[in-house]
Amino acid sequence: CSNVTSITIPDSVTSIGEVAFGATGITSIDLPDALTSISGDSFQSCNNLLSINISTVNASFSSISGILFNKNASTLVCFPSAKSGAYSIPTSVTSIGDRAFSVIPNVTSIAVPDSVTSIGDYAFQNCSGLTSINVPDGVTSIGRSAFKRCSGLTSINIPTGITSIPYSMLFRCSGLTSITIPDSVTSI
């Protein structure tokens, strides 16, 4: 659907599922006021998408600089695929949702604030341009395949709050030359 450049979602829609609008040619999307549920990868591989917008009257979500968060911005839900360069996650965020950054090829570094305690499943999967990420020690949960196929990532420090390295967390991270695992880890 790469030729689809415009999508109008009616206000009656309350839920948007996995890869619902994946690989379309949209550059911006306005989500309906009644939306209560959306998958982090609803717009996966939308290589031109720069902005996900939602009205302030929506009770479940908010949009800051075109990035989708839950209402109080404590969970980063979906980062648009076409954004590039460095990104600093707001300090209000405590959780990076499942697939929030999945298939974002041009983000090179992500500053994760100390407020973040959990990183969801597949959160940074296929972020091939990601060369730098600092995972703070306050993170106590990292989901499976969280950094899968981050081929540009050269090093990672597992935070001291982690006790288990999940399935496929660093699968096919071909650029990795250094991994620091703390004594807190009891299972891999």
Pairs, please: C-beta under 6 Å, at least 6 apart or cross-chain, first residue under 11 Å from Phe147 (Cα atoms) and assigned to a loop (DSSP other than H, G, I, E, B) and in segment 160-188, second open to solvent by 60 Å² or more (accessible area, probe 1.4 Å) and of a type outside the set (Asp, Glu)? Pro166/Arg144; Tyr167/Arg144; Ser168/Arg144; Arg172/Arg149
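Which of the following residues is part of a loop (DSSP other than H, G, I, E, B), among the polar types (S, T, N, Q) and touching a Phe, Trp or Tyr at 6+ places or on another chain (Cβ under 6 Å): Ser128, Ser102, Ser115? Even if it seems obvious, please write down each step before you answer.
Numbers: Ser128 fails: touching a Phe, Trp or Tyr at 6+ places or on another chain (Cβ under 6 Å); Ser115 fails: touching a Phe, Trp or Tyr at 6+ places or on another chain (Cβ under 6 Å).
Ser102 is the lone residue from the list that is part of a loop (DSSP other than H, G, I, E, B), among the polar types (S, T, N, Q) and touching a Phe, Trp or Tyr at 6+ places or on another chain (Cβ under 6 Å).
Out of Ala73, Ala86, report the one residue that is at pLDDT 95 or above and part of a strand (DSSP E or B). Working first, answer last.
On the way: Ala73 fails: part of a strand (DSSP E or B).
It is Ala86.
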Scanning segment 141-167 for residues that are more than 15 Å from Ile110 (Cβ to Cβ) and over 17 Å from the mean Cα position of the chain (by Cα) gives Ile158, Thr160, Gly161, Ile162, Thr163, Ser164, Ile165, Pro166, Tyr167
If Phe79 satisfies every condition in (1) at pLDDT 95 or above; (2) open to solvent by 40 Å² or more (accessible area, probe 1.4 Å); (3) not β-branched (Val, Ile, Thr) but one, which is the exception? (2)
Counting only residues in segment 132-159 that are in a loop (DSSP other than H, G, I, E, B) and open to solvent by 80 Å² or more (accessible area, probe 1.4 Å), the one farthest from Asp114 (Cα to Cα) is identified as Arg149
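Among the residues of segment 21-54, write down those that are hydroxyl-bearing (Ser, Thr, Tyr), closer than 24 Å to Asn72 by Cβ and surrounded by fewer than 17 Cβ atoms within 10 Å (Cβ to Cβ). Write out each step before concluding.
Here is the first cut: in segment 21-54, the ones hydroxyl-bearing (Ser, Thr, Tyr) are 24, 27-28, 36-37, 39, 42, 45, 51.
From what is left, the residues that are closer than 24 Å to Asn72 by Cβ are 28, 36-37, 39, 42, 51.
Within segment 21-54, Ser28, Thr36, Ser37 qualify.
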I'd like to know if segment 133-151 contains one or more residues that are of a type in the set (Val, Ile, Thr), at pLDDT below 95 and closer than 22 Å to Ser65 by Cα. yes
In segment 76-120, the residues that are within 11 Å of the chain's Cα centre (by Cα) and of a type in the set (Phe, Trp, Tyr): Phe79, Phe101
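Can you spot a residue in segment 172-188 that is closer than 18 Å to Asp98 by Cα and either surrounded by fewer than 20 Cβ atoms within 10 Å (Cβ to Cβ) or more than 17 Å from the chain's Cα centre (by Cα) (or both)? If you could, list the steps in order and put the result at the bottom.
From segment 172-188, those closer than 18 Å to Asp98 by Cα are none; that's our starting set.
The answer is no, given that none of the residues of segment 172-188 is closer than 18 Å to Asp98 by Cα and either surrounded by fewer than 20 Cβ atoms within 10 Å (Cβ to Cβ) or more than 17 Å from the chain's Cα centre (by Cα) (or both).
The values are calculated or read from the model by the stated rules, or taken from the named source; none is laboratory data. These figures come from a predicted structure and were not determined experimentally. Positions of Cβ are generated from backbone atoms using ideal geometry, with glycine treated the same way; all protein chains shown enter the neighbour counts. Quick note on the areas: whole protein, heavy atoms, side chains included, nothing else; ligands and nucleic acids left out. Shrake-Rupley method; radii C 1.70, N 1.55, O 1.52, S 1.80 Å.
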